[in-house]
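Data first, discussion second: the structure below is written as structure tokens.
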Protein chains: 4
Amino acid sequence: MTDYPTALGASTPTSITLLGQDLAADVMGEVGFGELAFWLATQRRPAPGEVRVFEAVLAALADHGFTPTAIVTRLTYLSAPDSVQGALAAGLLGGGSRFLGVTEDCGRFLHDVIAARDPLPADEAGWDALALETVREWRASGRRVPGLGHHVHKDGDPRTPRLFQIAREEGLAGPHLSLFAAIGRVHPAVLGRTLPLNGAGTCGAALADLGLPLELLRGFALLARTAGLIGQLAEELRRPVANEIFLSVDLNNRSIPPEPNGGSHG
Amino acid sequence: MTDYPTALGASTPTSITLLGQDLAADVMGEVGFGELAFWLATQRRPAPGEVRVFEAVLAALADHGFTPTAIVTRLTYLSAPDSVQGALAAGLLGGGSRFLGVTEDCGRFLHDVIAARDPLPADEAGWDALALETVREWRASGRRVPGLGHHVHKDGDPRTPRLFQIAREEGLAGPHLSLFAAIGRVHPAVLGRTLPLNGAGTCGAALADLGLPLELLRGFALLARTAGLIGQLAEELRRPVANEIFLSVDLNNRSIPPEPNGGSHG
Amino acid sequence: MTDYPTALGASTPTSITLLGQDLAADVMGEVGFGELAFWLATQRRPAPGEVRVFEAVLAALADHGFTPTAIVTRLTYLSAPDSVQGALAAGLLGGGSRFLGVTEDCGRFLHDVIAARDPLPADEAGWDALALETVREWRASGRRVPGLGHHVHKDGDPRTPRLFQIAREEGLAGPHLSLFAAIGRVHPAVLGRTLPLNGAGTCGAALADLGLPLELLRGFALLARTAGLIGQLAEELRRPVANEIFLSVDLNNRSIPPEPNGGSHG
Amino acid sequence: MTDYPTALGASTPTSITLLGQDLAADVMGEVGFGELAFWLATQRRPAPGEVRVFEAVLAALADHGFTPTAIVTRLTYLSAPDSVQGALAAGLLGGGSRFLGVTEDCGRFLHDVIAARDPLPADEAGWDALALETVREWRASGRRVPGLGHHVHKDGDPRTPRLFQIAREEGLAGPHLSLFAAIGRVHPAVLGRTLPLNGAGTCGAALADLGLPLELLRGFALLARTAGLIGQLAEELRRPVANEIFLSVDLNNRSIPPEPNGGSHG
């Protein structure tokens, strides 16, 4: 007979456990929400410093104002106010490669470079050398280095130095952040211009240094964004703008003739 | 010219604010994730006791094992592993009236009773009288009282007394929890049997006492569940069961002839 | 041992059946897509006249230009171009009570009136009497009659007479359409003004007359809209507007101070 | 002032157009649903033969029984029966790289090979030579050729020859199908074993030969699947199995201790 093993939630008539803990006695009232999310994802209880870095990342990613995901959640709620879950899910679906993907891409990129290197550099000069080699290689193959550049914060993303600082305060600036910092130092020599290390990329580096599963780095950005989207809905309830957004598009539509796309692909 | 006001995230080239705070300096590293989620939803910073109650609720709702939502997230990831956002969104879409709705229904129910009563009862006897009246009225109209009963924890949901305890410790057991507790005391006299106050309903009462928007109570259950679903995905990555779940259904399908549903509705 | 019966798709190593038919030989190349969708929903093959009415309804609902659902699909694709399924799913999530729900609400409303009446009226005068009684009753209880009124087509929705005509041509104007037509005739006498029967409501009446499951009337609107949203994506690919929509909101955001929502609900 | 051009739906108080047509007069009752979906995606009206091939593809992809997407839709409806749109959207979210992606992958693969070749082969021998070269190249680089092989139909997918037949009957077997057929003939010589051309891949080739946008091939699979998922919901309404599926998992869960994933990625 098939059974389905899990270390997550389980119930008996008289008890509920979560991650092997007594939910009521040992989790509720004792474990913060960021701490719990970390624990659920790794099945180990994080240390307080890890929680602080993790929650700093979540704060950095929670809300960026009227992003496509925020607009989508508000418009979906306008259209289907009976389904809060639908409005949140629709917003999260924008969390793909372009707007929320930098965190994951950057974490994976750094990881791949590091995983191929043994032993790791022992000092800043060593990290700089590895970074230089990496940026050259990416440039030569025509790829953009993940985490470099920001369309608004051209002279520096305020989240970046702060996250480095927090990670260092907690003794949690590991190889991913070290390599990312080195890329920040050396890339102008290769690319011929200075780009900021963006906050989303730094978040990816910090999450990877925390040992979180690389496949799910995007998931943490989505968790943070869920809180942000609830904030968007709460604001929409009190100060609605979705209908005006809708009308600003609909009233400015311009009817044009069809443009047949009938060419064969061959 | 139309503009779109918001107190949430905003950026200039050199700064990022969130809820009027400097994101990097005053939120990152300073504000926990549960605290931030509360703040985003209410636009006011919660007191530490409020955060503790709020996070206790989130812990109570984060994961209940192999619920439909958990199975859905795992199956969707099996089918579309390229899209973590799709797997999480699919799971959240099960957060509707039946499985995650009790929290919202119960919070609203208690609120509606309370809103129609001025002044509120001043002591336990007063709450009992109001509860008795309410349960009688609901019974007379053939409706089920939200938050009463649990299919597994028939003799008591362990989360319920714990959440009452935490709320009282923090001085945050307000009218919604008071009325709910009274319903727990008086309903056997009306219904002729004793049902437990379930945890999901207690969560709704506690969230309502925190002053969170009633329209979004389901949203907080979904936020908690997002963390749980990330845990489900993390476990699926290391110890996959989705394919076995799929096969257990697919291999046991039994082909039957169509059953036409051709009758007119008239 | 549990098994799971189904009359839908089934496979053996050498054959595939769908609805009891040989998929390759008897469905592919033989059954149109509208016909197949009807068949899947009812498990009976529709007659050609039923297919024509059904496809006319789908055409009426497929696309209405820059609706919230269309904007949502385009924005989600902008944000996550790697996931066409996410962009379509996000758009469909707006198919709730407000924008796509009229079809379902109207079909159910008409059904409920008809189900409570036996025998049904035998002539137009009889339908008018029933309609009059119904509109009076709804008005007295302060409810809006579903399917009446349109914010753009104030003097008549062009889809309405056309759908009645098609249903009559095919001999498929049954009790739901008859009652709806009667409501169109009698409501001015009760409401004191003349409102158009809107197209979405007429679609609901026509689908109900086809004997389709009332619980899924919204589903057919969503099926139609899926085709429309693919059209939106195809146009977005060739003539993108999503980024301009996003910027028109983001660049016009106005940062305001938080407005605490701290009041207790009690 | 920004405006948003579109050739899709547009309204004035007295008229509705779609794709430049009068919706009521010239689309409703005149244009089948498959035909309309094609027209929306290409902005040109397809010929009857194109509609037949297109609808054959949709039939081939509409429903495959208890796939993960079908199970997900049923479970989501169980959990949130108030939201048909959520149940359909959740099912579609499984339409990613693994289960519905073959159609798109195969269409793109064939297109890329063809686009790099000018002139195209003039006869079967020429196609075989191109196919041989292509399969060798893919094998050498360790990639699997899309559209080859099926886990159930090991000796041949019944949909494949049927779709080739229909395309030939309509004079619409173009370069993508020609190359795919040639791959079917030559691959055993390279791979050392004979694999069937699967139906999903053949659908991708046929859609590409119809000139449909390659970026949206997955979208047509999702359109087909929307009809199938409505069929799944209709069957679930009359003969529910979702709760049994849920219980078969939940009752067979086995609680295990957490397995910390605490290793650093470095």
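Taking each label point as 7 Å beyond Cα in the direction of the beta carbon, state the distances from A:Gly192 to the same residue in the other copies, shortest first, in nm.
Nearest to farthest, the other copies are at 5.0, 7.6, 8.8 nm.
Could you give me the ³J(HN,Hα) list for region A:51-66, computed from phi with Karplus coefficients 6.51, -1.76, 1.60 and θ = phi - 60°, whole Hz, x at Gly and Pro?
Per residue, the Karplus-derived 3J(HN,Hα) values read 4, 5, 4, 4, 5, 5, 5, 4, 4, 5, 9, 5, 7, 10, x, 7 Hz.
Distance between the C-alpha centers of region A:32-59 and region C:45-67? Whole Å please.
That distance is 51 Å.
For region A:210-263, just say rounded, prolate or oblate: build the C-alpha gyration tensor, square-root its eigenvalues into a ≥ b ≥ c, call rounded for a/c under 1.5, and beyond that prolate if a/b exceeds b/c, oblate if not.
On the way: a/c = 7.67, a/b = 1.44, b/c = 5.31.
Taking the square roots of the gyration eigenvalues as a ≥ b ≥ c, region A:210-263 is oblate.
Where does the protein assembly as shown land at 222 nm, in deg cm²/dmol rounded to the nearest 500, when only DSSP H runs of n ≥ 4 count, each adding -39500 (n - 2.57), divided by all residues? Intermediate results must be reported in sequence, preceding the final value.
On the way: 44 runs with 588 residues, N = 1064.
For the protein assembly as shown, the value works out to -17500 deg cm²/dmol.
Count the net charge of all other residues whose Cβ sits under 11 Å from the Cβ of D:Arg238, scoring Lys and Arg as +1 and Asp and Glu as -1. Write down the numbers at each step before the final one.
Numbers: positive: D:Arg239; negative: B:Glu259, C:Glu215, D:Glu235, D:Glu236.
Local charge sum for D:Arg238: -3.
What does the copy distance list look like for A:Arg254, label position 7 Å along Cα→Cβ, in nm and ordered from shortest?
2.7, 6.3, 6.6
What Kirkwood hydrodynamic radius, in Å, does the protein assembly as shown give when the mean of 1/r is taken over all pairs of distinct Cα atoms and then inverted?
Across the protein assembly as shown, the inverse of the average 1/r is 30.2 Å.
Indicate the gyration tensor shape class of region C:1-95 (rounded, prolate or oblate), computed on the Cα atoms with a ≥ b ≥ c the square roots of the eigenvalues: a/c under 1.5 is rounded; otherwise a/b larger than b/c is prolate and the rest oblate. Intermediate values should be presented prior to the final figure.
Details: a/c = 2.49, a/b = 1.51, b/c = 1.65.
Taking the square roots of the gyration eigenvalues as a ≥ b ≥ c, region C:1-95 is oblate.
Name the residues whose placed amide hydrogens come within less than 5 Å of the amide hydrogen of B:Lys154, ignoring near sequence neighbours (fewer than 5 apart) on the same chain.
Under 5 Å from the amide H of B:Lys154: no residue qualifies.
If you take each beta carbon of peptide D:175-184 and count the beta carbons of other chains within 10 angstrom, what is the mean? Could you put the intermediate results ahead of the total?
Values: counts 3, 3, 0, 1, 1, 0, 0, 0, 0, 0.
Mean number of neighbouring Cβ atoms from other chains: 1.
Take every residue in peptide B:208-220, count the Cβ atoms of other chains within 10 Å of its Cβ, and give the average of those counts. List each step's numbers first, then the result.
Working: counts 3, 3, 3, 7, 4, 7, 2, 7, 7, 1, 4, 11, 3.
Neighbouring Cβ atoms belonging to other protein chains average 5 per residue here.
Which order results if D:Ser141, A:Ser79, A:Ser255 are arranged by neighbouring Cβ count within 10 Å, fewest first? Walk me through the numbers on the way to the answer.
On the way: D:Ser141 7, A:Ser79 29, A:Ser255 15.
Listed from fewest to most nearby Cβ atoms, that is D:Ser141, A:Ser255, A:Ser79.
Taking every pair of alpha-carbon atoms in region B:101-215, give the share separated by more than 18 Å as a whole percent. Each step should come with its number before you reach the end.
Working: 2949 of 6555 pairs.
Distances greater than 18 Å cover 45 percent of the Cα pairs.
I need the inter-copy label distances for C:Pro161: point set 7 Å along Cα to C-beta, values in nm with one decimal, smallest first.
Those label-point separations list as 5.4, 7.2, 7.3 nm.
Could you compute the net charge surrounding A:Thr6? Neighbours are other residues with a C-beta less than 12 Å from the C-beta of A:Thr6; K and R count +1, D and E count -1. Walk me through the numbers on the way to the answer.
Working: positive: B:Arg74, B:Arg238, B:Arg239, D:Arg254; negative: A:Asp3, B:Asp63, B:Glu235, B:Glu236, D:Asp250, D:Glu259.
With Lys, Arg at +1 and Asp, Glu at -1, the neighbours total -2.
About its Cα centre, what dipole magnitude does region C:48-244 give when the only charges are +1 on Lys and Arg Cβ and -1 on Asp and Glu Cβ, stated in debye to the nearest 20?
Values: 19 positive and 22 negative charges, 112 e Å.
For this selection, approximately 540 debye.
Could you work out the equivalent-ellipsoid semi-axes for region C:48-244, taking the square root of 5 times each eigenvalue of the Cα gyration tensor, largest first, in whole Å?
Working: eigenvalues 231, 60, 40 Å².
So the equivalent ellipsoid measures 34, 17, 14 Å along its semi-axes.
Where does the charge balance sit around A:Pro213 when Lys and Arg score +1, Asp and Glu -1, over other residues with C-beta under 14 Å from its C-beta?
Details: positive: A:Arg44, A:Arg108, A:Arg218, B:Arg238, B:Arg239; negative: A:Glu104, A:Asp209, A:Glu215, B:Glu235, B:Glu236, D:Glu259.
It works out to a net charge of -1.
Taking H as built 1.01 Å from N, whose amide H comes closer than 5 Å to the amide H of B:Asn253, not counting residues under 5 places away?
Correct list: C:Tyr4.
FYI, it's all coordinate maths here, none of it is from the lab. All values reported here derive from a predicted model rather than from experimental measurement. Every residue, glycine as well, gets a Cβ built from its backbone with ideal geometry; the counts of neighbours run over all protein chains shown.
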